[in-house]
Structures are given as structure tokens and as C-alpha cells.
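Working notes, beginning with the structure itself.
Nothing in this text is a laboratory measurement; each read-out follows from the coordinates by a stated rule. Predicted, not measured: the structure shown is a model, and the values here were computed from it. Neighbour counts run over all protein chains shown; Cβ positions are idealised from the backbone, glycine included.
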Protein chains: 2
Amino acid sequence: MGGDHGPPVVVGGVRDYRKRDGGEGVRFLLHGDETALRVELTKAGLGDDVCQIRHTDKVVAMTEKPAAAMRRGKGSSLWNAIEAVKTGEAAAVVSAGNTGALMAISKLILRMSAHGLERPAIVASWPTLRGVTAVLDVGANIESDAEQLVEFAIMGEAFHQAVHGVERPTIGLLNVGSEDMKGHEEVREAARILREGGFGLDYRGFVEGTDIAKGTVDVVVTDGFTGNIALKTAEGVARFISALLKEALTSGPLAKAGALLALPALRRMQQRIDPSAINGGPLLGLNGIVVKSHGGADARGFGNAIRIAVELARSDYLAKVGHSLNRLTAVLEQPSASPPDPAKETSQ
Amino acid sequence: MGGDHGPPVVVGGVRDYRKRDGGEGVRFLLHGDETALRVELTKAGLGDDVCQIRHTDKVVAMTEKPAAAMRRGKGSSLWNAIEAVKTGEAAAVVSAGNTGALMAISKLILRMSAHGLERPAIVASWPTLRGVTAVLDVGANIESDAEQLVEFAIMGEAFHQAVHGVERPTIGLLNVGSEDMKGHEEVREAARILREGGFGLDYRGFVEGTDIAKGTVDVVVTDGFTGNIALKTAEGVARFISALLKEALTSGPLAKAGALLALPALRRMQQRIDPSAINGGPLLGLNGIVVKSHGGADARGFGNAIRIAVELARSDYLAKVGHSLNRLTAVLEQPSASPPDPAKETSQ
């Protein structure tokens with residue numbers, strides 16, 4: 001029921017996913033208003049063998065605060081969809097709904113698997129000159145210590161492997177320079193753990209802001225504050241340049257004629273930075289697979305979020321991450337590797 | 001002598017500045033190799049009434065580490081140029097040389113005027129839909145506490161006023177959301193001081209990454225880590241989109257013909273994001289005016305850095321900032337406004 005468009009985009013997304021990816025063996029539980037969903041399923045020609053409806057007339061509004069959604073959300077379509085992952089009835093949940101509520105209720109029902117995390121980490125799939133780079137956290141872990149940054153690296157690597165099929169993704173830590181002594185303590189300590197921890201990651205050291213769009217590494221790790229600002233700054237710059245380009249190409253008859261001739265090429269270019277093609281940000285660090293679709297996504301975008309959820313569910317992502325996080329805990333508990341921190345000892 | 005091109009761009013910059021801005025009453029001291037400089041001055045037709053040479057054959061290399069430059073730099077062109085500001089012989093210094101050395105030697109000779117700062121703050125002039133926004137710090141103050149962020153706001157406002165002629169620049173604090181409770185403690189505390197401190201700033205609250213290129217506010221304040229990453233990320237995205245556009249417009253005969261027709265319009269667009277037009281990043285927080293030109297800048301870019309230095313020197317920038325920083329110290333010393341911090345009390 002979530003997102004700006006509700007059932008038409010969700011059901012349209014199922015149809016689009018099946019058209020593009022086949023979707024062999026993938027079945028869907030649609031949580032929400034039966035009547036509204038039935039209409040869309042009939043339109044889309046999807047039968048009970050593919051989609052089953054789990055009726056509820058309760059929904060979490062897009063504007064509801066996370067705390068309120070946690071208190072009042074039980075029995076809503078969002079809640080039930082996450083609950084189905086917990087009970088094992090579903091292998092993954094995809095939602096275009098309220099992000100804060102999705103994070104809070106997922107955390108409540110599924111629990112975090114990475115103990116350093118306060119909240120799930122969100123991955124952005126960033127189009128680059130070399131393909132796609134995963135950037136995390138772009139979400140809500142505002143202050144990330146070295147342990148969290150290493151958790152992001154572990155989860156980001158497993159995500160990129162599962163979804164983008166790269167056998168051994170390369171990892172970089174986002175910093176203000178590439179020299180060892182650059183940056184604040186957290187990022188330098190994370191670099192040390194990644195170099196010495198033996199997690200089997202292909203860690204390539206520090207990368208800078210310009211390296212993201214260059215595609216220097218497959219996975220860029222940063223704290224949620226910096227990651228969120230980098231992502232939104234990039235969105236702003238992309239929109240700014242698009243606006244300038246549009247203005248330039250409609251600024252006179254010659255420019256307009258030129259734009260008309262170049263249109264097919266410009267359209268192909270636009271597809272490479274089309275948000276639909278990269279829509280779907282998994283919330284990592286939970287005991288279960290949860291994928292957030294952009295609220296404004298179209299059917300193709302929602303279909304892409306489904307594809308990401310399916311690929312994560314079919315991979316050994318959760319097992320692999322669980323194994324590496326255990327290894328991280330062991331490394332951090334070795335007093336020789338890292339000075340003991342009383343606060344951390346208690347929370348473990 | 002600094003930058004990738006040395007004297008030709010520096011002398012060319014003087015000439016370009018005078019051509020564009022008149023430069024009435026502005027005279028230049030050129031520090032460096034007399035022979036090399038004389039050749040360029042003759043070529044540019046600049047006489048002793050405009051440019052005087054201060055010979056030295058010692059230079060700080062572009063690759064020299066700041067600490068080494070501080071130890072060994074005395075008597076170099078960079079050192080002497082900054083020294084001339086200290087003695088009052090020059091009103092400002094402009095350099096395309098080694099950034100780290102410029103920062104370190106400026107700090108050593110001129111001293112910081114903002115006591116919370118470890119290093120000078122660097123301002124980026126960011127092209128936006130509404131004109132230019134000043135973003136600071138994009139430099140080397142890695143971890144900025146609330147006091148430093150407020151100092152950036154004070155200095156950024158005075159800079160924008162002096163250089164961009166905006167009478168009452170609007171200020172925003174860069175954050176992951178616009179609600180009061182968003183972000184880490186430093187940014188929330190800075191917001192409180194800016195709201196309550198009575199600095200006469202037009203503080204507009206939190207802004208997000210997308211707001212930078214939108215031009216939502218005139219001055220965007222952030223810590224040097226986030227600011228540096230935002231700036232470099234934006235550069236990466238701009239280059240990425242340019243590369244895609246170039247590829248698209250040369251992808252076939254039709255696209256090429258279209259590009260040819262639209263060329264004048266595309267050139268005008270490019271001018272709006274031309275780095276030369278916005279080159280020149282002052283190092284703020286020093287007892288003196290120091291402007292860094294990009295090492296790779298051309299004569300037009302260096303000319304723009306000169307323009308910024310002249311406008312700062314002719315304004316009441318230093319007096320205004322000094323007054324506001326004193327007011328900040330007073331506010332922070334009031335135990336009622338902010339809980340006393342023993343570490344801070346000692347350093348004051």
C-alpha cells in the first residue's frame with residue numbers, strides 16, 4: 001500500500017519484474033486492501049499462482065513518525081509484510097512506504113544482526129563510469145565508529161557480490177585524502193581493522209569523493225552522515241546540470257534543432273543515470289532481507305527493487321555476513337588487536 | 001612561482017584581472033625568480049608602476065610536505081609573499097602553490113584569529129541555480145565542534161558579503177534533514193548558538209545536500225571532512241555527466257550534427273560551471289587575507305583569485321569577522337548560554 005502511488009506501482013512492479021527477469025519460482029504475498037489489490041492483479045493478468053493477497057485495512061501513513069508507527073502499526077500492511085519475513089513465510093520484504101517506519105518496525109521485529117549498529121544501514125547503488133558502485137551508509141547511522149564502518153564494509157561487499165554478481169568486490173573507505181594519516185580517528189582505526197582483521201575483503205584503502213563517480217572501487221564505505229550528504233549533494237548537482245542542459249537545448253531555434261537530432265543519443269545517456277534502473281536500497285544489518293523502494297518509483301523502479309530482494313534472498317548473503325560479523329566480534333575482543341573499551345565490553 | 005604553470009599564469013592573471021576589472025589603484029609584488037618574471041612582465045606589457053619584483057631563487061615545491069616547508073621554507077617566494085602581508089607591505093597574498101605549505105606557513109606567520117580553528121577554513125564558491133553559494137569548510141579542519149561551525153558561519157557570511165556583494169547573506173547548516181532533532185550533537189549545538197547568539201546573521205536552519213546546488217542559502221556551513229567529501233563528490237558527478245554527454249554527442253553522425261547546431265548554447269552552459277570563473281578559495285580565520293588559486297588554474301582563473309583577494313582587502317571583512325568572533329567568545333564564556341567545558345576554559 002506504500003509509496004506515492006500504492007497498489008498500481010506495486011502490482012505493476014511485480015509484472016515488470018517478471019517481464020524483465022522471468023521471476024521463475026518467485027511468488028508474492030501482497031499485504032493490504034484486498035479490493036484495491038484485486039483490481040490491479042486482474043488488470044495485470046496475475047493469478048493466485050503468482051500473487052496472494054493478505055488482506056488488512058490498516059496502513060502506516062507516509063507522514064507517520066517512526067515511534068508512532070511502532071506503537072500503532074501492528075496489523076498494518078507494513079507490519080504484516082515484515083512479520084512474514086520473521087515467521088519465514090516470506091524470504092524478503094519490499095516496500096515503497098514510510099522509510100522511518102520501515103526501519104523502526106524492521107528493527108523491532110527482525111532485530112539487528114550487527115551489534116554495533118543502532119539502525120539498519122542503507123546502500124545506494126551509484127552509477128559510475130565503470131558501472132555501479134555501492135555506497136553505504138547513506139542513511140541513519142549518524143555517528144559511526146570504526147566497528148560500524150567495518151560492519152558496513154562486510155555487508156556492502158556481500159551485497160555487491162549477491163546483487164551485482166562481482167566475485168570479489170573491491171572496498172574503499174571514504175576520506176579526505178588517500179594518505180594513511182588523513183582523516184579522523186574512526187576512519188583511520190577502521191582502515192587498520194580492515195587491513196589486519198583477516199575478513200578476506202579486497203580492501204583498497206582510502207578513496208576520495210571524486211572516486212565515487214569514477215568507480216575506483218565497487219564498495220565505498222562511510223558513516224551515515226557523510227554518506228547521506230554526499231548522496232544528496234550528488235543528486236543536487238545532477239539536477240543542476242540537467243536543468244542547465246535543458247535550458248541550453250531550448251534556448252533558441254538552432255539549439256532546439258540540434259537537440260532534436262541528438263535526442264536518441266541523449267535518451268540513451270539519460271538511461272544510464274535513470275533512477276528506476278538503480279532503485280531499491282536494502283536495509284542491511286537486519287536478521288532478514290528488507291528492501292526499500294523510493295516512494296516515487298514507477299513500476300519499472302519497483303520491479304528493480306524486487307529484483308534486488310530476490311537476488312539477496314537467493315544468495316548466501318545472510319550466512320556470509322553472519323560469519324564475517326562473528327569474525328569481527330572475535331577480532332575486537334582480542335585485547336592485543338585493539339585496546340579494550342569498557343563501554344563495548346558491556347554491550348557485547 | 002607556484003602552481004602547475006608558474007610565472008606565465010601568475011603574470012597572465014594580473015593582466016587578465018586588470019583587463020576585466022580595471023584594477024584601479026591595485027599594485028602587485030611578485031615574489032620569485034626575477035629573470036623568469038621579467039620575461040613575462042615584458043610580454044604582458046606590465047610596467048614597474050603596476051608590478052614590482054621581489055627576487056628570491058628559493059621555492060617551495062608542489063610536493064613538499066607542510067612540516068618540511070615550514071622548517072625549510074624561510075626566504076622562499078611563498079614565505080616572502082605571506083611575510084609581506086604580516087609586515088603590512090601587502091594587503092593580501094594570492095598563491096597557486098602547494099596548499100598544505102600555504103596553510104602551514106600562513107598559520108605560522110599570520111596566526112589564527114579564530115581560536116577554535118586548528119587550521120584555516122577553505123571556502124568553495126559553488127555554482128548554483130540562483131548564482132553562487134559559499135560552502136565552508138571544504139579543507140582541513142577534520143573534526144569541527146559547535147564553536148568552529150559557528151566561526152565558519154561568521155567568516156562565511158562576511159566573505160560572501162565582501163566578495164559577492166550580497167548585503168545580508170543567508171546561512172544554513174549542512175545536515176541530514178531539516179528537522180531540529182536531526183544530526184549529531186555538534187551540528188545541533190551550533191544551530192542553538194546561531195539561533196540564540198545574537199550575531200546578526202540571517203541563519204535559516206538546517207539544509208540538506210540537495211540544497212547546495214539549488215542555492216537555497218548563500219552560505220552553507222559544514223565541518224571540513226563532510227565539506228571536502230561533498231565538494232569532491234560533486235566534482236566527480238559533474239565530470240561523470242560531462243563524460244556521458246560528450247559520449248552521447250559524439251556517438252553517431254546525427255548526434256554530432258545536433259551537437260554542432262547546439263554548440264553555442266552548450267558553450268554558454270559550460271561557462272556557468274567553468275572552474276575559472278569561480279577559482280580562488282580564501283583561507284579564512286587568519287589575521288590577514290590569503291587566497292589560494294587552484295594549481296591548475298589558467299590566467300583567467302588566477303585573475304579571478306586576484307579579484308577575490310582585492311575585494312576582501314577593500315572590504316571591512318577582517319574587522320567585521322574580528323568583532324563577531326569576540327562576540328562568540330563572550331557568548332561561549334557565559335555559563336548560562338552553554339555549560340562550562342573545562343577543556344575550553346583552559347584554552348581560552
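Odds and ends about this structure:
- With a threshold of 31 Å on the Cα-Cα distance, the over-threshold entries among A:Lys19/A:Lys86; A:Lys292/B:Lys232; A:Lys214/A:Lys320; B:Lys43/B:Lys246 are B:Lys43/B:Lys246.
- Pseudo-label separations to other copies for B:Thr329 - Cα-to-Cβ vector, 7 Å, nm: 5.2
- Rounded to whole Å, sorted largest first: equivalent-ellipsoid semi-axes of the stretch B:160-289, Cα gyration tensor: 37, 18, 13
- Over chain B, relative contact order from alpha-carbon pairs under 8 Å, at least 6 apart, %: 23 percent
- Dividing the alpha-carbon radius of gyration of the stretch B:94-182 by the rule-of-thumb value 2.2 N^0.38 Å gives 1.18.
- Long-range HN-HN contacts of B:Thr133 with modeled amide H, under 5 Å: B:Trp126, B:Thr128
- Rounded to whole numbers, the Karplus 3J(HN,Hα) couplings from phi for the stretch A:201-217 are 7, 8, 7, 9, x, 6, 10, 9, x, 5, 6, 4, 6, 6, x, 4, 10 Hz, using 6.51 cos²θ - 1.76 cosθ + 1.60 with θ = phi - 60°, and x at Gly and Pro.
- Normalised by residue count, the stretch B:102-243 yields a Cα convex hull volume of 114 Å³ per residue.
- For chain A, the spread of Cα positions along the three principal axes, ordered from largest to smallest, is 63, 58, 37 Å.
- Were the residues from B:Ala61 through B:Ser178 laid out at 0.36 nm apart, the gain over their Cα-Cα distance would be 37.7 nm.
- Each copy carries a label point for A:His55 at 7 Å from Cα toward Cβ; from one copy, the others' points are 9.7 nm away, ordered from shortest.
- Largest first, the extents of the alpha carbon coordinates of the protein assembly as shown on the three principal axes equal 89, 67, 47 Å.
- Dipole of the protein assembly as shown [Lys/Arg +1, Asp/Glu -1 at C-beta], most positive-end residue of B:Phe240, A:Ala84, A:Met155: B:Phe240
- Stokes-Einstein D (µm²/s) once Rh is taken as the Kirkwood radius of the stretch A:1-61 over alpha-carbon pairs, at 4 °C in 1.567 mPa s: 110 µm²/s
- Relative frequency of Cα-Cα separations exceeding 21 Å in the stretch A:1-124, percent: 40 percent
- With its label point defined 7 Å out from Cα along the Cα-to-Cβ axis, A:Gly200 lies at 6.5 nm from the matching points of the other copies, in increasing order.
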